[in-house]
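The values are calculated or read from the model by the stated rules, or taken from the named source; none is laboratory data. Everything numeric in this text was worked out from a predicted model, so none of it was measured. Glycine gets a Cβ as well: all are built from the backbone with ideal geometry, and neighbour counts include every protein chain shown.
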Amino acid sequence: MREASVERSGATKLVSTFLAVALVAGFSGAALAQSTGPRDLAELKLEAQLRADRNLPPVGGIKPEDMREALTNINDLQPDSWAAAFVRIGDRYVDHAKAKQSSSPKEAAEDYRHAWEIYNTARWPTENSHGKKVAYAKALEAFAAYGRLIEPPIEVVRIPFEGKEIVGYLRLPANVRPAPLMLGISGLDTRKEDVASASDGFMRRGIAVFALDMPGTGQAPIKVDVGAERMYSKALDYLQTRSEIDAKRIVVRGQSWSGYWAAILAYTERDRLRGAVVHGVGIHGYFQPEFQRTGLLTREYLFDLFPARSAIFEVKTLDEFLSYGPRMSLLTQGWLDKPSAPMLLVNGEKDTQQPIADLYLMMKHGDPKDAWVNPDGGHMGRSEKWPQRRVLDEVVMPWIERKLAAPAQK
């Protein structure tokens, strides 16, 4: 992915070396300062500002001036320091929104959205400290306020599940009943709010969106484990009860880590899905220790990759993390040669966060699949020529539209 980044300095090499030694020694993410690699504080600030300036993940949508203000108030790599610097700005947006809510609801909605974006950055990539948990709670409140004010509105849905609940966001397009639907699953460090916030394009096309967290993140009721896709089967059960939705026209999309959930649902729920977008393909090699030992040091990720990856398994040490992952492999579980719903596989040849070999592995097994690979792309196929928005608009969205418009299968 051709994102702006600074060259490795001697200090950065030392940081990366320390990370490698610390992880091999079995330190937990919580035992280290916030940035477990590969950037020191100065480099982290520079990279974060460059990404905000260029509207790049994971801080796309953050105003450059807000990023500059927050970074000015961060003087160490502790998680709570990062969170506090952004929360102060988010609180200011909330105050502005409340003052405008009665007289100018559209302006208030925009302020609530900016507040959510700021809080979402404050809790990123995972809620592993008190300050980040506070930021996430504020993010949920700001997003709910935003969702109530926009048209069409975003409905908060709660589905009973194994003594807990699945929390999702449902947004229905105006004047389309029953509406086809895209079930969108957030990734490792995104949340269902990210999925729902990007639903305007679907609304214009008359497609409903149901946004859910992936296991082990956000408000998901269970951690990542074999069989955790059952929470999405429960969600599909619920969607069949909603008369506003055409339950026979549903496509699932998993982005980044959640490409895995889209892939397995293509097998387990092939009779209830028109298709599955596997946008970011980690299904076998990704889970192997050989890949993870080097992948944890990628500079494609901003910071705290190990804490984010280990949190979804609810493990602490590197040894626990490396031993947990292999059983998740779809190849090992025997899924790849089974019949499936149609799939679109999307990624970049130069992805350092998920091995491109996993995409080619899926293509060589089971039913034929559609694939789009950016030879110059990084994670999720992104590159300078193909930014995230273009991949969605020109590759993913047209495929989803075709599948949802197709005649019902016999």
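Pairs are defined by a Cβ separation below 6 Å, a sequence spacing of at least 6 or placement on different chains, a first member in region 122-133 that is more than 20 Å from Met214 (Cα to Cα), and a second member that is of a type in the set (A, V, I, L, M, F, W, C) and surrounded by 23 or more Cβ atoms within 10 Å (Cβ to Cβ); the pairs so defined are Gly131/Ala83. A search for C-beta distances below 7 Å between a residue of region 106-120 that is part of a helix (DSSP H, G or I) and any residue that is polar (S, T, N, Q), counting only pairs 6+ apart in sequence or on different chains, returns Ala108/Gln101.
Limited to region 251-272, what total is found for residues that are under 24 Å from Glu155 (Cβ atoms) and buried (at least 24 other Cβ atoms within 10 Å of the Cβ)? Before the answer, list the steps.
Kept after step one, since they are under 24 Å from Glu155 (Cβ atoms), are these residues of region 251-272: 251-255, 258, 261-262, 265, 269, 272.
Keeping just the survivors that are buried (at least 24 other Cβ atoms within 10 Å of the Cβ) gives 251-255, 258, 261-262, 265.
Adding up the residues that qualify gives 9.
Does Ala99 satisfy the criteria of being outside the structural domain of Gln255 (by TED's automatic domain parsing), touching a Gly at 6+ places or on another chain (Cβ under 6 Å) and either more than 18 Å from Thr126 (Cβ to Cβ) or not in a helix (DSSP H, G or I) (or both)? Walk me through it before giving the result.
On the way: outside the structural domain of Gln255 (by TED's automatic domain parsing): yes; touching a Gly at 6+ places or on another chain (Cβ under 6 Å): no; either more than 18 Å from Thr126 (Cβ to Cβ) or not in a helix (DSSP H, G or I) (or both): yes.
Considered against the rule, which asks whether it is outside the structural domain of Gln255 (by TED's automatic domain parsing), touching a Gly at 6+ places or on another chain (Cβ under 6 Å) and either more than 18 Å from Thr126 (Cβ to Cβ) or not in a helix (DSSP H, G or I) (or both), Ala99 comes out as no.
Scan region 241-278 for residues that are more than 27 Å from Ala174 (Cα to Cα) and within 18 Å of the chain's Cα centre (by Cα) and the total you get is 10.
Residues satisfying the criterion are present in region 199-217 (criterion: within 16 Å of Ile159 (Cβ to Cβ), part of a loop (DSSP other than H, G, I, E, B) and free of Cβ contacts under 8 Å to residues at least 60 places away in the same chain). Only residues that are under 15 Å from Asp194 (Cα atoms) and either among the polar types (S, T, N, Q) or within 17 Å of the chain's Cα centre (by Cα) (or both) were counted in region 91-135, giving 11. Of all residues in region 160-181, none that is free of Cβ contacts under 8 Å to residues at least 12 places away in the same chain and polar (S, T, N, Q) has its Cβ atom under 9 Å from the Cβ atom of a residue that is surrounded by fewer than 13 Cβ atoms within 10 Å (Cβ to Cβ) and not in a loop (DSSP other than H, G, I, E, B), 6 or more apart or on another chain. Restricted to region 223-241, and to residues there that are farther than 12 Å from Arg272 by Cα and hydrophobic (A, V, I, L, M, F, W, C), the residue that is surrounded by the fewest Cβ atoms within 10 Å (Cβ to Cβ) is Val226.
Which of the residues that make up region 221-257 are more than 25 Å from Pro180 (Cβ to Cβ) and either outside the structural domain of Val278 (by TED's automatic domain parsing) or of a type outside the set (Val, Ile, Thr) (or both)? Across region 221-257, the qualifying residues are Pro221, Lys223, Asp225, Gly227, Ala228, Trp257.
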